Amino acid sequence: MLFSSTTFLFAFLSLVLICYYAVPRIAKNAVLLVFSLVFYAWGEPKYVFLMLGSIVVAYITGLLCDRNKYKSKLPLVSMILAIVWNMGLLLFFKYTNFFITNANNLFDLNITPLGLTLPIGISFYSFQTLSYVIDVYRGEVKPQRNFLNLATYVTLFPQLIAGPIVRYQTIEDQLGSRKESLDKFARGVKRFAVGLGKKVILANNIGALFEEISSADQSQLSVAGVWLGIIAYTFQIYFDFSGYSDMAIGLGKMFGFEFLENFNYPYVSDSITEFWRRWHISLSTWFRDYVYIPLGGNRKGKVRQCVNIMLVWFLTGFWHGANWNFMIWGVYFGIILLCEKLFLLRALGKLPRVIRHIYALLLIVIGWGIFAFEDTDKLIRNFKNMFGFGGLPLWNGKSDLFWLTQNVILLVILVIASVPLFKKLGEMLRTKFTVPYGCVVEPICTAGILLISTAYLASNSFNPFLYFRF
Amino acid sequence: MEKKHRRIADIIMAAVFVIFVFGFGIALLVKNDREFSEMENRNLAKKPELSWDNIMEGKFTSELESYISDQLFAKDALVSAKTDLDRLLGKTYMNGVYLIKDSDGRLRYVQKYTENREQLAANAASLNEFAEKVNVPVDFMLVPNVSAYMLDKLPAGADCDDQSESLDYVKTLVGDKINFYPMLDKDGFSENLYFRTDHHWSFRGAQKAVGDYLVKSGQISDAGKLDIPFGKTHEGFLGTLYSKAPSSFAEPDEFEFCTAEDAAAEVEWVNEGKKSDSIIDSSFLDKKDKYAALFGGNFGQVRIKTGREGGKVLVLKDSYANAAMQFLMQQYSEITMIDLRYYHMQEKDVSELCSEYGVDRVIMLYNLDFLNEDRNFVWLT
């Protein structure tokens with residue numbers, strides 16, 4: 001089920017809220033678990049059992065990982081088992097077909113690809129259960145003895161299918177004892193409305209432009225048109241994904257949870273290093289804590305550090321999908337980050353800020369140009385076109401003018417929404433006009449966003465979620 | 001912020017959300033389900049059946065989703081709000097339709113036209129082949145759509161082809177057997193002869209075109225006899241283009257038509273076995289699609305005995321021709337209308353019908369968009 005659907009808003013969510021607040025504390029996690037399972041099973045019921053299997057594995061290995069209790073090799077073996085199970089599932093469901101097709105191509109084989117659909121959210125929940133077991137092994141958290149609590153953590157529907165990757169240590173205490181409050185609920189509502197609006201009003205709208213440009217006859221485009229398409233995608237993926245994270249965080253608050261932030265205005269960055277501190281934070285910190293640092297991080301010399309960085313970014317790319325373009329995308333950022341670490345950041349520091357922003361944005365947009373095309377031929381053609389090797393004119397007058405004039409207001413709104421302007425404005429208004437802002441302006445804006453989003457959902461002509469396949 | 005005030009603000013915010021989520025949810029439960037949406041011209045989803053089998057097959061969830069989105073409270077109002085929000089964002093092109101202001105400053109829906117030379121050539125070839133088979137005069141009235149008159153008002157860079165070029169192209173395609181009457185007269189015609197919210201022309205457009213045709217083809221010397229009074233006007237006509245992007249700012253068209261009661265001696269829907277003395281099916285006047293009041297829509301074969309003096313004609317037609325029929329009826333004694341979309345694999349082909357009915361003229365009456373897209377002309381040959 002999608003958050004941005006009338007079924008979720010007016011049937012599912014209203015039912016969860018009633019049940020959750022009607023039952024006593026002791027049953028609240030059970031309510032969340034049951035509804036989360038329904039939420040997960042909505043489109044494809046059979047993979048619920050796979051997820052339940054993962055929870056059982058995490059529960060048992062988690063208990064056995066406790067090095068304070070077991071002084072033998074048992075904790076290590078358990079942790080390795082958990083890693084094997086989770087990575088095995090990921091490899092099997094997400095990557096087998098990729099390996100088969102490429103082996104077929106490379107070695108002229110004829111292996112039939114498996115007809116598997118990717119279990120929704122598997123990339124997210126595998127990482128979450130794994131982080132739990134590893135943290136237990138490291139002694140950073142205590143093993144969760146209450147199966148219900150652990151199951152609630154893994155299945156928690158706000159973050160189940162598209163993140164953020166909520167680490168067990170973040171909500172360890174909240175699982176057992178959290179406090180729902182009116183204040184948290186109200187903040188949750190605001191956050192959810194912002195996320196819904198980002199997704200439904202902004203991302204879908206500009207996504208339609210990208211869709212139109214990328215499905216147009218590419219030989220009729222111009223260099224400007226190709227760039228407009230990629231810029232549209234740049235906005236779409238940010239508002240789509242960060243909107244989803246906002247909704248998840250907002251929903252969490254409604255049920256008393258506090259998740260960590262996942263985005264922090266990534267497009268204001270003036271270097272790629274900064275960009276990755278602001279983009280999909282839960283993923284990059286996961287890779288930092290469970291891959292980069294265990295590999296030795298920067299503690300084993302410069303060469304080793306470079307290898308580690310490249311490895312982490314290759315994996316980050318590959319995590320996004322079983323496709324060459326995602327790997328290239330990861331390696332692309334790995335190389336840039338490496339350069340920045342070694343010399344570029346120092347050099348950039350001497351340049352004016354405007355130039356640094358242009359530098360970062362250009363590399364980010366080019367990155368999305370890699371990310372957007374899973375079909376390698378399309379990817380190559382798009383790159384040729386972007387850099388003027390596709391034989392396209394710089395500007396074709398007709399369709400460029402049409403796309404631009406039809407979307408110019410939207411693009412201005414997107415630019416403004418990509419910087420913390422509204423946030424700062426809100427903070428200023430809140431301090432200056434506390435009561436009218438809190439009691440009138442904010443509720444009206446929130447209601448407006450909810451209703452406008454519903455209007456867009458009602459006409460529902462264009463509502464695909466981008467971050468679903470991962 | 002003072003604690004009390006913050007609490008009030010929180011209560012308001014929570015209330016907004018609770019009213020929003022539960023308001024739509026409860027409305028869904030208590031309001032009566034609509035069976036049919038005139039706006040979308042389709043049957044709406046019904047409540048899904050809750051059974052184990054349905055759940056296991058995944059049918060229940062998908063049916064529930066369509067039920068909720070179809071039966072959403074105030075759906076039509078929300079959808080038009082969406083159109084106007086898009087317009088606020090500066091979008092003037094949605095779902096294949098341009099929403100632009102016409103010279104009177106009123107909102108007008110203009111359908112995008114993309115020339116398809118292959119289809120035009122194929123259809124013209126079918127018409128030519130047919131014309132060779134019949135030994136009576138064959139006239140071809142080809143009517144442009146409203147975009148032909150509004151190219152200069154379309155949004156910047158709009159990719160809408162110029163219909164006058166297509167008319168010129170078709171002119172090169174029609175054979176000697178066909179007398180071609182392209183109905184593009186920029187002096188006499190204007191966007192005002194078309195509906196603002198529908199893809200058809202109005203009665204006045206049809207009246208003007210039929211008059212021009214009859215005069216140019218030498219069948220009458222002036223179009224005075226077509227000057228029949230426009231009797232009834234039904235207001236509030238929001239047509240098919242409106243449904244593609246409904247805006248609250250759209251002004252409904254007036255659906256005006258001539259008093260038809262005494263117009264025909266007999267109208268026969270041949271395949272349906274239905275007869276009437278009027279070409280107007282007034283039951284449609286109270287519905288959304290008022291244009292369908294003409295003949296009740298489109299049918300394979302309709303025969304009209306007008307009760308007037310004049311020749312017998314066979315009209316190969318689309319829905320534009322329905323509005324023209326009133327005026328052709330002033331000229332001929334008998335009219336046979338053939339709509340190739342519904343005249344397939346019949347006992348007799350159209351040329352056989354011509355000899356059986358003893359028609360002394362064939363009129364092809366099509367709008368350009370139809371000739372450009374329809375694939376049923378092959379049924380002629």
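Structural remarks
- Altogether, the Stokes-Einstein calculation at 25 °C and 0.890 mPa s, with the Kirkwood radius of chain B over Cα pairs as Rh, returns a diffusion coefficient of 104 µm²/s.
- Partner aspartates and glutamates for A:K341 [C-alpha distance under 16 Å; skip if fewer than 8 residues away on the same chain]: A:D270, A:E274
- Size of charge dipole - chain A - debye, nearest 20, with Cβ of Lys, Arg +1 and Asp, Glu -1, no other charges: 1580 debye
- For B:M94, nonlocal amide neighbours, meaning residues 5 or more places apart or on other chains whose placed amide H falls under 5 Å from its own, are B:L99.
- Between A:L404 and B:N192, the FRET efficiency from the beta-carbon distance, with R0 = 35 Å, is close to 0.65.
- Remark: relative contact order (chain B) = 17 percent; criterion is Cα-Cα distance under 8 angstrom and separation of 6 or more residues.
- Take A:E212: with every protein chain present and a 1.4 Å probe, its accessible area is about 80 Å².
- If you take the Cα centroid of segment A:147-181 and the Cα centroid of segment B:97-128, the two points sit 56 Å apart.
- Interatomic Cα distance distribution for segment B:85-175, bins of 10 angstrom, percent: 14, 38, 24, 16, 7, 1
- Ranking of B:M141, A:M1, A:M87 by solvent-accessible surface, largest first: A:M87, A:M1, B:M141 (1.4 Å probe, protein heavy atoms only, all chains present).
- Overall, the anisotropy analysis places segment A:332-378 in the oblate class: the square-rooted eigenvalues a ≥ b ≥ c of its C-alpha gyration tensor yield a/c not less than 1.5, with a/b not exceeding b/c.
- 0 to 90° range, to nearest 10: angle between helix B:203-216 axis and chain B longest Cα axis: 20 degrees
- Simple spin-label estimate for B:D104 and A:L114 in nanometres, 7 Å along Cα-Cβ: 6.6 nm
- Relative intensity, log₁₀ I(q)/I(0), of segment A:176-323 from a Debye sum that treats every alpha carbon as a point, q = 0.11 Å⁻¹: -0.61
- Pairs spanning more than 18 Å between alpha-carbon atoms, out of B:K186/B:K208; B:K133/B:K216; B:K75/B:K244: B:K133/B:K216.
- Between segment B:316-381 and segment B:144-163, the Cα center-to-center distance that results, in Å: 28 Å
- Net charge of neighbours whose Cβ lies under 13 Å from the Cβ of B:L226, counting Lys and Arg as +1 and Asp and Glu as -1: +1
- When +1 charges are put on Lys and Arg Cβ atoms and -1 charges on Asp and Glu Cβ atoms, the dipole computed for segment A:6-178 relative to its Cα centre reaches about 560 debye.
- Straight-distance candidates among the lysines for linking to A:K424, with alpha-carbon spacing under 23 Å and chain neighbours fewer than 8 residues away dropped: A:K184, A:K190, A:K198, A:K199, A:K253, A:K432, B:K3.
- For chain A, the C-alpha radius of gyration sits at 1.02 times the compact-globule guess of 2.2 N^0.38 Å, with N the residue count.
- Shape box of segment B:3-74 [Cα atoms, principal axes, largest first, Å]: 52, 33, 17
- Cα-projected label distance for A:I60 with B:K31, points at 7 Å along beta-carbon direction, nm: 5.2 nm
- Relative to its Kirkwood radius, the Cα radius of gyration of segment A:30-174 gives an Rg/Rh of 1.04.
- Fraction in percent of alpha-carbon pairs per bin - 10 Å, the protein assembly as shown: 2, 10, 17, 19, 17, 13, 10, 6, 3, 1, 0, 0
- The chymotrypsin sites (Phe, Trp or Tyr not before Pro) of segment A:370-452 that DSSP puts in a loop, and whose beta carbon has at most 14 other beta carbons within 10 Å, are A:F387, A:F389, A:W395, A:F433.
- Charge sum, other residues only, whose C-beta stays under 12 Å from B:E254's C-beta, Lys/Arg counted +1 and Asp/Glu -1: -1
- Computed log₁₀ I(q)/I(0) - Debye formula, equal Cα scatterers, no solvent, segment B:24-151, q 0.10, 0.20 Å⁻¹: -0.66, -1.16
- Chain A, relative contact order [Cα under 8 Å, separation at least 6], %: 17 percent
- The lysines within cross-link reach of B:K274, meaning a Cα-to-Cα straight distance under 17 Å and a gap of 8 or more places when in the same chain, are B:K305.
- Between the Cα long axis of helix B:3-30 and the first principal axis of chain B there is an angle of about 40°, rounded to the nearest 10.
- Among B:F22, B:F189, B:F36, the largest mean-square fluctuation in a Gaussian network model of chain B (Cα springs under 10 Å) belongs to B:F22.
- Relative contact order (percent, whole number), segment A:6-178, Cα cutoff 8 Å, 6+ residue spacing: 29 percent
- With respect to chain B, whose longest principal axis is taken over its alpha-carbon atoms, helix B:163-173 is tilted by about 40°.
- Leading residue at positive end of dipole, the protein assembly as shown (Cβ point charges), from A:T405, A:M1, B:Y67: A:M1
- Size descriptors for segment B:243-307 (Cα atoms only): Rg and Dmax, in that order, 14.4, 45 Å.
- Within-12-Å neighbourhood charge of B:V215 [Cβ basis; K, R +1; D, E -1]: 0
- Across B:Y366, B:Y149, B:Y67, mean-square fluctuation computed from a Gaussian network of chain B (C-alpha pairs under 10 Å connected) peaks at B:Y67.
- When the Gaussian network model of chain B links Cα atoms closer than 10 Å, the mean-square fluctuations of B:L29, B:L241, B:L214 top out at B:L29.
The values are calculated or read from the model by the stated rules, or taken from the named source; none is laboratory data. Predicted model, so just to flag it, every value in this text is computed and none were measured. Positions of Cβ are backbone-derived with ideal geometry, glycine not excepted, and every protein chain shown enters the neighbour counts. Note: areas computed on protein heavy atoms with side chains; ligands, DNA, RNA excluded. Shrake-Rupley method; radii C 1.70, N 1.55, O 1.52, S 1.80 Å.
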